[in-house]
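Quick notes on the structure that follows.
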Protein chains: 2
Amino acid sequence: MAEPQSIPEDPFLKSLLMLIRAHDGSGAWEAMPDAEVIAPFIVTKEQRREIPLIGDPDPDILWRVELYYSAIGLAIEQRTGFNAAPIMKIHHEGWGRMLLTAGRLVVVNSYLRDLHRFGFDSPQAMIDKAAKIIDGAVAVIERFPEAAAAS
Amino acid sequence: MAEPQSIPEDPFLKSLLMLIRAHDGSGAWEAMPDAEVIAPFIVTKEQRREIPLIGDPDPDILWRVELYYSAIGLAIEQRTGFNAAPIMKIHHEGWGRMLLTAGRLVVVNSYLRDLHRFGFDSPQAMIDKAAKIIDGAVAVIERFPEAAAAS
């Protein structure tokens, strides 16, 4: 885990922070600075290299992966009006698949690998990666709006 | 589990039998009559009522659910030429969601409940249920062929 850094203003990041804090029963994260709340998502290349790819990934990591893609789903909904529901299937050993679907449309189809090392070089890198996935989803919805609207 | 019954000729059922036997390392299922191989999928209403909906369902049940939907995927491929890949997410307590996707299209979207009691009244009931799901998937592909072909 890296030291908390100053973090950019971004609607995706706002959603992610909101989702993380929504899981906080104790109220401790309410007062915690944003940079500290997202600190577990920031893992530098050097730190990543030191994490062994052995056994099942930590449940906390899978929880972060789910939150990350849920925040992506919220951003897709904000941009398109279509609710994008996540479904994740993790196999043992830290690989798997994450889908976001809207109606009959697969708007995000991500293959996940090396989940033990899930994390981003910086808050900005995390935002940029999410923006790329969100843009891809919006483009798919614009291409197949009827499938996204079908039940 | 019901007594083995005589089972109908059906392409879906053939696929299912093939998939079950493909998981058999011992070769014991090779010689076993078809009716016996699918016997664990046949659970009568009376038997179902006796199974408590407590705790996580048996992994063998989840394996059968996956095989059932994989055989449905094969039938969809035979009918349409589109490969339909399953992704299942089971939450605790025996409920969840099963998707089959072809390209960008969700061709099957099943909500699963009471998985502890997964099973069918008879081989014919199992085939009829599968046929309904397959017909639905084929109709969706005919409606959105470009989404099914998109990567």
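The values are calculated or read from the model by the stated rules, or taken from the named source; none is laboratory data. Computed from a prediction, not measured in an experiment: that's the story for all the values here. Positions of Cβ are generated from backbone atoms using ideal geometry, with glycine treated the same way; all protein chains shown enter the neighbour counts. The area values use the complete protein model at the heavy-atom level, side chains included, leaving out ligands, DNA and RNA. Shrake-Rupley method; radii C 1.70, N 1.55, O 1.52, S 1.80 Å.
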| request: Considering Cα pairs under 8 angstrom that are at least six residues apart, work out the relative contact order of region B:11-149 and quote it in whole percent. | output: 26 percent
| task | Can you work out the accessible area per residue across region B:11-149, with the rest of the protein chains kept in place, probe 1.4 Å, in square angstrom? | result | 49 Å²
| task | Run the accessible area of the protein assembly as shown with a 1.4 Å probe and give the carbon-and-sulfur part as a rounded percent. | result | 53 percent
| field | Other-copy label distances relative to residue A:132, 7 angstrom Cα-Cβ extension, nm | value | 4.4
| task | Could you check the simple spin-label distance between residue B:128 and residue A:79, using points 7 Å along Cα→Cβ, in nm with one decimal? | result | 4.6 nm
| When the accessible area of each residue in region A:132-151 is compared between its chain alone and the complete protein assembly (1.4 Å probe; ligands, DNA and RNA ignored), which residues differ by at least 10 Å², being lower in the assembly? | A:140, A:143, A:144, A:146, A:147, A:150
| If you place +1 on the Cβ of every Lys and Arg and -1 on the Cβ of every Asp and Glu, how big does the dipole about the Cα centre of the protein assembly as shown come out, in debye to the nearest 20? | 660 debye
| note | Accessible-area order for A:127, A:51, largest to smallest, probe 1.4 angstrom, reads A:51, A:127
| request: Can you work out the PRE-style zone for residue A:60? Point 7 Å along Cα to Cβ, and I want the residues of region A:99-125 with backbone N under 18 Å. | output: A:115-121
| Pseudo-label separations to other copies for residue B:30 - Cα-to-Cβ vector, 7 Å, nm | 6.6
| request: Output the pairs from A:45/A:89; B:45/B:132; A:14/A:89 with a Cα-Cα distance over 24 Å in this structure; if there are none, say none. | output: A:45/A:89; A:14/A:89
| request: Please label the shape of region B:90-151 as rounded, prolate or oblate, based on the square roots a ≥ b ≥ c of the eigenvalues of the alpha-carbon gyration tensor (a/c under 1.5 means rounded; beyond that, a/b larger than b/c means prolate, else oblate). | output: oblate
| For region A:113-121, Karplus couplings with θ = phi - 60° (6.51, -1.76, 1.60), whole Hz, Gly/Pro x | 9, 6, 5, 3, 9, 4, x, 10, 4
| In Å² (nearest 100), what accessible area is buried between B and A, both sides summed, heavy protein atoms only, 1.4 Å probe? | 1700 Å²
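Using alpha carbons only, what's the Rg to Rh ratio of region B:11-149 with Rh from Kirkwood?
0.98
Just flag the chymotrypsin sites (Phe, Trp or Tyr not before Pro) in region A:55-86 sitting in loop per DSSP whose Cβ has no more than 16 other Cβ atoms within 10 Å.
none
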| note | If you rotate chain B onto chain A, the residue of B with its Cβ nearest that axis, and the gap in whole angstrom, comes out as B:147, 2
| Peptide B:101-107 - average C-beta neighbours from other chains (10 Å radius) | 6
| query | Taking Cα centroids, how far is region A:47-95 from region B:97-151 in Å? | reply | 25 Å
| said: Can you compute the radius of gyration and Dmax for the protein assembly as shown, using only the Cα atoms, both in Å? | reply: 22.0, 69
| Can you list, shortest first in nanometers, how far residue A:6 lies from the same residue in the other copies, with each label 7 Å from Cα toward Cβ? | 8.2
| Solvent exposure, largest accessible area first (probe 1.4 Å, DNA, RNA and ligands not counted), of B:118, A:41 | B:118, A:41
